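Below is one structure, written out as structure tokens, with a few remarks after it.
The values are calculated or read from the model by the stated rules, or taken from the named source; none is laboratory data. Since this is a predicted model, take the numbers as computed values, not measurements. Glycine gets a Cβ as well: all are built from the backbone with ideal geometry, and neighbour counts include every protein chain shown. Accessible surface is based on the protein model in full, side chains and every heavy atom, while ligands, DNA and RNA are left aside. Shrake-Rupley method; radii C 1.70, N 1.55, O 1.52, S 1.80 Å.
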Amino acid sequence: MFARKPSTGPFSTARGLLPLIVVCAFLFAFPIVMLVVGAFRNQDPSLPANWGWDGFRTAYTSPATYTTLRNSLLLSTAVTVLGTAIGLLCAFLVTRTRTPLRRLVTPGMLLVVALPPLFYAISWGMLGNPRIGPVNTLFRELTGSEATVFDVNSWTGLILVISLKSAGFSYLMLLGPFLALDRGLEEAAQVSGAGKLRTLLGIDLPVLAPAVSGVVILNFVIGLEFFDVPLFLGAPAGIEVFSTRVYGLISESSPADYGAASALSLLLVAIVMVLVAVQWRLLGRRRYTTVTGKGYRSDAWDIGRWRWAGTAFLLLYALLAVVAPLVQLVLGSLQPFFGGSAGYSLVNYRELLADPATVLALRATLLVSVVGGLGAMLLALLIGYAVGHNRTRLRRVVEMLTWLPWAVPGVVLSLGIAWAYISVPGLRQLYGTVWIVLLALIAATVPIAQRATQPALAQLGHELEEASRVGGAGPLRMFAGIVLPLIAPSFLAGWFVSAIVVSGNLAVPILLSSQQNATVPLLVLELYTAGETSRAAALFVIMMVLLCAGLALLAGLARLAGLLRRRALRTAASRTAPPSPSTPSSPSTPSSRSGSVPPAGSSADPTSSSAPATLG
């Protein structure tokens, strides 16, 4: 079937890549296939099939479906415009100007991306509460008015909160292209008479078109897939989007309408796939080269007094995206009742830690975050290594399979996994256990984990591995002794980020967990919907404290990884270094003695060559 080619290591041939393709197909493609099957099955996954078109008729003849479609498109469009604009402006201020505090933006954006959407849902649900939220109470105290200045349970609240989160993704994706802009192109435009604004709009933005279009599509997809924030903030206002509609067809229908939920999910999957195909079509035939071999410069602009306006914008974004939500979450967790006047205390923490359900949820979350994050990183590392060492067309298949979970909302992916695992007799026993939740979270997190492993793997030269194998090391020993130590810092950082993503994921476990293995996000949702907002905030703070403790542990491991990396580099360098030149001599000559210096004028004397001697 495949032409035999000489193997230069694991995964280097098409045959060697086949086992990995099978694993990726089972984890990523099989749930999507079963989602299609489930749309025709019209029955609970645990019951015998009742084949038909009832699910499609229920989903696509209901007026609520088209209201949901309109809401999802409206939300995604607004989030795309606002999130991309914020990311563009922040990237411009950081890379092209001398705006004060610009060096703090990148760490802050990394924090925004790492924080789970559930963090924003809870904190802004408290900040913008129309009756007792601090934003509205402060406004009333300052003005003496009884009006509500900001209601987070509204379209404005939904768009603002999701845009704050998506702006972090936009910034990080645009940072590299902005850094690569050539200042010489801008100078040429300004010499021709163009002002700075015209240069920005006529030179920089067209050059950045590929990156900006990619960010636009990404933000649109993020807007379509968001589940946590619409569930917490949109549901009280009667705003329903695709992801919450799919969840409602299962959780609020009696009996659960799995067929209609699956049929509706297919429309969302199709929309996302079309968007990805459009991006490939638009960008595949265009080239935007800005960094060339001559005259490349990336000097900053002097924007004069506007730099203070830029600083004010950065501070405002930091206040809304990080500072205010974090402060509100901590202060709200210390209130016995949210919005009450009983002062601050640790009563919520004491009651939560004394509740067996909380202990079980923390234990389950710790298990899925640590093991799930590690599993996602190991699988992402294996996939990245295989794709980087394979030159056959099958590597594209692996890449496409890996990105399938990214193109599917979490609640849709969990529905597909439920269909997939229940349909396999040997795996049916996993349903309702923590293990199916763990596998689902690994599948959903692999695309994110790949972003952490790819840059580190790309920096490794193949000659290091080849030298190790020439020295007699097998593939496993070479991988553990050369590859892993060299990428260990990036691996540990990616493990931590993946653990955060897993621990705060609500969309995936919500259809797969049971009461015995509920994670912290599920318990937070239960407390929040029951009106126990302060206890929900306290539980989330406990989880964040545990994550910070894990970060401190990983920081210690990162130091150890740095030592292993330096040791691996020295080992690899000793194996790849050419043998030092030597001249044959008799045992009696000084050059044959250990530590002696060759005589002047000999072939081993560096000063005898015509080139001048160098020091150091």
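Summary table below
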{"quantity": "Accessible surface, 1.4 Å probe, highest first, among residues Thr156, Thr311", "calculated": "Thr156, Thr311"}
{"quantity": "Accessible-area value, Tyr431, 1.4 Å probe, nucleic acids and ligands omitted, Å²", "calculated": "80 Å²"}
{"quantity": "Accessible-area order (highest first, 1.4 angstrom probe) of the listed residues Met377, Met34", "calculated": "Met34, Met377"}
{"quantity": "Accessible area of the range 505-550 belonging to carbon and sulfur atoms, whole % at 1.4 Å probe", "calculated": "60 percent"}
{"quantity": "Convex hull volume of the range 500-541 per residue (C-alpha atoms, cubic angstrom)", "calculated": "70 Å³"}
{"quantity": "Semi-axis lengths (Å, descending) of the ellipsoid that matches the C-alpha gyration tensor of the range 18-170", "calculated": "40, 27, 15"}
{"quantity": "Amide H partners (placed H, <5 Å) of Thr97, local residues excluded", "calculated": "Trp301"}
{"quantity": "Heavy-atom accessible area ranking, 1.4 Å probe, most first, across Leu326, Leu553", "calculated": "Leu553, Leu326"}
{"quantity": "Residues Ala549 and Trp155, FRET efficiency given R0 of 25 Å [Cβ-Cβ distance, rounded to 0.05]", "calculated": "0.05"}
{"quantity": "Solvent-accessible area, 1.4 Å probe, carbon plus sulfur percent, for the range 43-130", "calculated": "69 percent"}
{"quantity": "Protein accessible area in the range 321-454, 1.4 Å probe - carbon and sulfur %", "calculated": "71 percent"}
{"quantity": "Nearest-10 value in Å² for the accessible area of Cys548, using the 1.4 Å probe", "calculated": "90 Å²"}
{"quantity": "For the range 497-558: accessible area per residue (Å², 1.4 Å)", "calculated": "36 Å²"}
